[in-house]
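Taking it in order: structure first as structure tokens, then the write-up.
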Amino acid sequence: MRRKSKPLTRLSLFRQGLLGIFLCCPLLLLAIGLQENTSAAPRPGAEYTGAYTFLRDGEFVQITVEDAGRVTGFVSRYGDLESDKGAYLDHFFKSGKLEGNRLSFSTEVVHGVSFEFAGTIGRGAGTKPEEEGYYVIEGKLTEISSDERGKGSSKGRGVTLKSFAKKVDAAGSTAAPRK
């Protein structure tokens, strides 16, 4: 025996629509809440991301702290050789790591020079992010160089690199100044 199906009426369509909305809304709100919670959790060390002074006026180090303590960035410095004197040279990080407050990185070789750093990063003398030196990097910087004949040398020194002042936008959040 075949059953006769009831014809769909406006009322039954309306009820099915309401049922769908009531079932889907909580799931949608849950998904939005989960997304907000995961995006609200800052990466450990992310506050140290930014530009820092380097050896001479006009030179700087850009550091970006990524997931799992991976550090990317570059050293931007003036060339010292006859062929590049006064030109900006960018030494991109070959490797970089942040474990707690321990920072280390090494750069690619550019014009026969590379850098290695091992030290710490933390709060400096600045009282707010809008001031230079709010964060400081302290440790040993080693400059590794080789000449045209392949003869290498290294020179290590203690350094203190200060964070550049971060600009505050209209919403009150800070951002590193653009170069």
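Readers should treat all values here as calculations from the given coordinates under stated rules, not as data from a laboratory. Remember, it's a predicted structure, so these values are computed and weren't measured experimentally. For neighbour counting, all protein chains shown are included, and Cβ atoms are generated from backbone atoms with ideal geometry for every residue, glycine included.
Remarks
- Of all residues making up segment 92-115, the number that are part of a loop (DSSP other than H, G, I, E, B), more than 25 Å from GLU148 (Cβ to Cβ) and among the acidic types (Asp, Glu): 0
- Test set (1) closer than 21 Å to TYR48 by Cα; (2) assigned to a strand (DSSP E or B); (3) of a type outside the set (Lys, Arg) - LEU89 fails condition number: (1)
- Segment 100-132: number of residues that are under 17 Å from the mean Cα position of the chain (by Cα) and surrounded by 15 or more Cβ atoms within 10 Å (Cβ to Cβ): 7
- Within segment 81-102, being touching a strand residue (DSSP E or B) at 6+ places or on another chain (Cβ under 8 Å), of a type outside the set (A, V, I, L, M, F, W, C) and without any contact (Cβ under 8 Å) to a residue 24 or more places away in the chain holds for LYS85, GLY86, TYR88, ASP90, LYS94, SER95, ASN101, ARG102.
- In segment 122-135, the qualifying residues are those that are in a strand (DSSP E or B) and free of Cβ contacts under 8 Å to residues at least 40 places away in the same chain, and the one that is farthest from LEU103 (Cα to Cα) is ARG123.
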